[in-house]
Amino acid sequence: MATTLGTTGRSPRNSWDREHLANLYSLVVLSMIMNDAPDESDVLTRALTAVGTLGPCRAEAAYLTLGNGLTRTPADWPHATPDLDAQVRRLGGQGGPVTVPDREWGWSLALHSTADAIGHLVLSAPSQPTDDEYFLLRVLAQQTAAALTQAMARRTERDREQQLRQLSEDRAATNARLTTSVSELEHQRSVHEMLSDASANDDGVQGIAEALHRLTGYPVAIEDRFGNLWAWAGPGRPDPYPKPQAGPHEELVQDAARRQRPVRVAEQVIALARHRGEVLGTVALIDPEAGAGEEERFALDYASTALALELAHLRNLAEVELRLRRELVDDLITGTDDASAYARAAAVGHDLHGPHYLAAVQWAGRPADDTFVQAVGRSAAGLRMRSLLARRSGMAVLV
């Protein structure tokens, strides 16, 4: 029997067609939104939310296939359970049925990119969906897979860009370190050359002080072991130069000896000149503004090594000269040939030609020690007597 409808009537078929078209239109809009999603989690969240609008189905969970296996995404979706996670993993990347408590129908829709499974969309319903309802769910799965593919591609591109940026930053940092290293090496080479030249040119302690001043720009003071000024380079030399008190100065030296690097003391940065564990002197940068940096400290440290070698050399020369003088005086007393005596005297700076006298000086009741011998030598020099001085048989002997 034919049925006639009024202008306001709706046939069931036409009503279904409009609803079906509305759902398809919604999926198209959803697809556009998902394609612009910032990441994979946002794509899957939007897909899960849309499931309930397409029919009686409910979204149970969604999964991404990552390098370390299947990962629930988002992890806190309310219907997901560990049991459901295990069921989806057992499907091995394929779609298939799953069991959901209190639901007659459960299914995992595999999301594919070309031939690879990139995830799953797990759905359930109180009864088997109709073919039309299942069709809409398949369309949703296809659009979700396409959006996931784009999101993954964008993430891969972002990761690549980040890697390139990081590589560029690492290269820039490496170049900066190389530039710094080259600069440091150049500075160290300059320090080595200037201080080595000062030692090689026999400029002595004063040459080391002047070289260090040119390298750092700071005034330089070199003192002996007891704080007496040995050499100064640069402006601002005190006049008179202050003599430190013995006790505090000794404590300062002992404290500095326990350090491996130059130390700051008041307005100076001080390094010790040590040879075989013995402190022979100090070298200091005069730095009241505390502006000396690592380059200046390196130069100071190197200068202290050069100074130690120079002072050790001077000490060895003094010891050799003292021994030569003593041996020469002994030989003159016991007898030696003229040629040898003249040559050895000239070597220690004494003219043996002409008349000479022998003087023996003794301190009554006390044998001659180094202090007494030195006092005798100073007395002879004060009388303008050029002499060879030695210690023999508890006496100071002058020739």
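Taking 45 Å as R0, compute the FRET efficiency from the Cβ-Cβ separation of Gln374 and His192 and round it to 0.05.
The value I calculate is 0.75.
Wrap a convex hull around the Cα atoms of segment 15-161, take a quarter of its surface area, and give that in square nanometres.
For segment 15-161, the mean projected area of the Cα convex hull comes to 8.9 nm².
State the answer as a single residue: which of Gly365, Leu383, Ala396 lies farthest towards the positive end of the charge dipole of segment 355-399, with beta carbon charges of +1 for Lys and Arg and -1 for Asp and Glu, about the Cα centre.
Final value for the positive-end residue is Leu383.
When the convex hull of the C-alpha atoms of segment 355-399 is computed, what volume per residue in Å³ does it have?
65
To the nearest 20 debye, what charge dipole does the chain have about its Cα centre, counting +1 at the Cβ of each Lys and Arg and -1 at the Cβ of each Asp and Glu?
Using only the charged Cβ atoms, the result is roughly 380 debye.
What is the P(r) of segment 115-201, as percent of Cα-Cα pairs per 5 Å bin from 0?
Per 5 Å bin, starting at zero, the Cα-Cα P(r) for segment 115-201 comes out as 3, 10, 10, 9, 7, 8, 6, 6, 5, 5, 5, 4, 4, 4, 4, 3, 2, 2, 1, 1, 0 percent.
Sort the following peptides by mean Cβ neighbour count (other Cβ atoms within 10 Å, averaged over residues), highest first: 121-128, 101-108, 163-170.
Top to bottom by mean Cβ count within 10 Å: 121-128, 101-108, 163-170.
Could you give the alpha-carbon Rg of segment 209-276 over 2.2 N^0.38 Å, rounded to two decimals?
Dividing the Cα radius of gyration by 2.2 N^0.38 Å gives 1.12.
Under the √(5λ) rule applied to the eigenvalues of the Cα gyration tensor, what semi-axes describe the equivalent ellipsoid of segment 202-317? Give them in Å, descending.
18, 17, 15
Excluding Ala292 itself, what net charge comes from residues whose Cβ is under 13 Å from its Cβ, given Lys and Arg +1 and Asp and Glu -1?
Once positives and negatives cancel, what remains is -4.
Restricting to DSSP loop positions (anything but H, G, I, E, B) with no more than 13 other Cβ atoms inside 10 Å of their own Cβ, which trypsin sites (Lys or Arg not before Pro) remain in segment 255-308?
Sparse-neighbourhood loop trypsin sites (Lys or Arg not before Pro): Arg258, Arg259, Arg276.
I'd like to compare 24-34, 356-366: which one has the highest average count of other Cβ atoms within 10 Å, and what's the full order after that?
Ranked by mean Cβ neighbours within 10 Å, highest first: 24-34, 356-366.
Report the extension gain between Gln254 and Arg384 in nm, rounded to one decimal, defined as 0.36 nm multiplied by the number of residues separating them, less their alpha carbon distance.
Value of the extension gain: 42.8 nm.
Starting from the amide H of Met395, placed 1.01 Å from N in the peptide plane, find each other amide H under 5 Å away whose residue is 5 or more places distant or on another chain.
Result for Met395 returns Ala368.
What value, in deg cm²/dmol to 500, does the helix sum -39500 (n - 2.57) over DSSP H runs of n ≥ 4 give at 222 nm once divided by the residues of the chain?
Mean residue ellipticity at 222 nm (helix-derived): -18000 deg cm²/dmol.
What FRET efficiency comes out for the pair Asp330/Glu289, r = Cβ-Cβ distance, R0 = 56 Å, nearest 0.05?
Between Asp330 and Glu289 the formula returns 0.45.
For the chain, what is the largest minus smallest coordinate of the Cα atoms on each principal axis, given in angstrom and ordered from greatest to least?
Here the spans come out as 165, 41, 41 Å, largest first.
Read the figures in this text as sums done on the coordinates, not as results from a lab. Values in this document were obtained by computation on a predicted structure and should not be read as measured data. A quick note on method: Cβ atoms are made from the backbone with ideal geometry, for glycine too, and the neighbour counts reach across all protein chains shown.
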